[in-house]
Amino acid sequence: MSRLHRKKIAIVGASRGIGREIALACAREGGIVLAVARSQHDLAELARQSSAIDTLALDAAAEDAPTAVFAKMRPCVLVIAAGALPPTAPLPHLTWAQFAVNWETDVRLSFEFCKRALCEPLPPGAVVILLSGGAALGGSPISGGYAGAKRTQMFIAQYAQRESNRLGLKLRFIAVAPQRIMPETELGSHAVRGYSGYLGISPKDFVESLSGGQSLADVARAVVSLAEEPFGRTETVLIVSSSGLVAMGAL
């Protein structure tokens, strides 16, 4: 039997990058996948890759997005992989709107979906996985509020888990952070261009300076493993490195 046989899995931000890779990996492992994103065109292309993938086009940052997603599917696995591209300029060159863009998207998405998962709630045994980022560990000086937003996603997972425990809901909340920039993604290539320009080196040299990087496939495998056995680990915040999943405190 496949690892995710007939599990209902909703992935928000599934049309590109990490979200797309996770959607395809979950479908290959037997999951029934609902891919959620803004672009109907990108979703249609994704659905052509697997008959196990259904789609829903919407703005996931809208306040009523969780209602629309849960009306379409009551998942036992919910993955929040959507987010905005951060700025790539140092602090003095940013407006507040530019600095706060990831708070209004990445953080708001995590807040709204975790809140709804607790309030409706999702079925006992369900897991909510928030895709955070390695910038939460060491900062990112040309990305405005991005690092803080990614760290706040970790706090949201921790707060939601405490509420689930307090209310006896038997839900699992986990924040998963890829440790290093992934140049093959839109977000990663955006960061490479920004940092290479900021440091005055070539994009190639910047990429070569990165060490211990995980791949998209590494992240997808980590999410599949958590979807398969969400209560197999006790940590609420996990880091994906090239060697697999590790607790944040182990780094």
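Looking at region 226-248, is at least one residue of a type in the set (Phe, Trp, Tyr), closer than 24 Å to Leu169 by Cβ and modelled with pLDDT of 95 or more?
Just the residues of region 226-248 that are of a type in the set (Phe, Trp, Tyr), to begin with: 231.
Right, trim to closer than 24 Å to Leu169 by Cβ and you get 231.
From the residues that got through so far, the ones that are modelled with pLDDT of 95 or more too are 231.
Yes: region 226-248 contains one or more residues that are of a type in the set (Phe, Trp, Tyr), closer than 24 Å to Leu169 by Cβ and modelled with pLDDT of 95 or more.
Only one of (1) over 19 Å from Thr185 (Cβ atoms); (2) touching a strand residue (DSSP E or B) at 6+ places or on another chain (Cβ under 8 Å); (3) outside any loop (DSSP other than H, G, I, E, B); (4) not polar (S, T, N, Q) fails for Leu46. Which number is that?
(1)
Given the criteria within 24 Å of Ala149 (Cα to Cα), at pLDDT 95 or above and assigned to a loop (DSSP other than H, G, I, E, B), does Pro66 qualify?
no
Any chance region 185-194 includes a residue that's outside any helix (DSSP H, G or I), of a type outside the set (Ser, Thr, Tyr) and surrounded by fewer than 21 Cβ atoms within 10 Å (Cβ to Cβ)? First the steps, then the outcome.
Here is the first cut: in region 185-194, the ones outside any helix (DSSP H, G or I) are 185.
From the residues that got through so far, the ones that are of a type outside the set (Ser, Thr, Tyr) too are none.
Among the residues of region 185-194, not one is outside any helix (DSSP H, G or I), of a type outside the set (Ser, Thr, Tyr) and surrounded by fewer than 21 Cβ atoms within 10 Å (Cβ to Cβ), which makes the answer no.
Do you know which residues across region 111-139 are surrounded by fewer than 23 Cβ atoms within 10 Å (Cβ to Cβ) and part of a loop (DSSP other than H, G, I, E, B)?
Glu120, Pro121, Pro123, Pro124, Gly125, Ala126, Gly134, Gly139
Give the number of residues within region 27-64 that are basic (Lys, Arg) and surrounded by 13 or more Cβ atoms within 10 Å (Cβ to Cβ). Don't jump to the end; show me each part of the working.
So the first thing to find is which residues in region 27-64 are basic (Lys, Arg), and the list is 28, 38, 48.
Restricting the remaining residues to those that are surrounded by 13 or more Cβ atoms within 10 Å (Cβ to Cβ) gives 28, 38.
Total meeting the criteria: 2.
From Ala10, Ala37, Ala57, grab the single residue that is in contact with a helix residue (DSSP H, G or I) (Cβ under 8 Å, 6 or more places away or on another chain) and within 23 Å of Glu228 (Cβ to Cβ).
On the way: Ala37 fails: within 23 Å of Glu228 (Cβ to Cβ); Ala57 fails: within 23 Å of Glu228 (Cβ to Cβ).
None of the others qualify; the one that does is Ala10.
Which of the residues spanning region 150-187 are among the small types (Gly, Ala, Ser) and touching a residue at least 60 places away in the same chain (Cβ under 8 Å)? Can you show your working first?
Our first condition is that a residue be among the small types (Gly, Ala, Ser); within region 150-187, this holds for 157, 160, 164, 168, 175, 177.
Correct list: Ala157, Ala175, Ala177.
Starting from region 210-228, take each residue that is in a helix (DSSP H, G or I) and list its partners that are basic (Lys, Arg), counting only C-beta distances under 8 angstrom and pairs at least six apart or across chains.
From residues that are in a helix (DSSP H, G or I), the pairs are Val224/Arg3; Leu226/Arg233; Ala227/Lys7; Glu228/Arg3.
If Ala84 satisfies every condition in (1) touching a residue at least 40 places away in the same chain (Cβ under 8 Å); (2) of a type outside the set (Phe, Trp, Tyr); (3) in contact with a helix residue (DSSP H, G or I) (Cβ under 7 Å, 6 or more places away or on another chain) but one, which is the exception?
If we test Ala84 against (1) touching a residue at least 40 places away in the same chain (Cβ under 8 Å); (2) of a type outside the set (Phe, Trp, Tyr); (3) in contact with a helix residue (DSSP H, G or I) (Cβ under 7 Å, 6 or more places away or on another chain), just (1) comes out false.
The values are calculated or read from the model by the stated rules, or taken from the named source; none is laboratory data. Source: prediction; values computed, not measured. Virtual Cβ from ideal backbone geometry, glycine too; neighbours counted across all protein chains shown.
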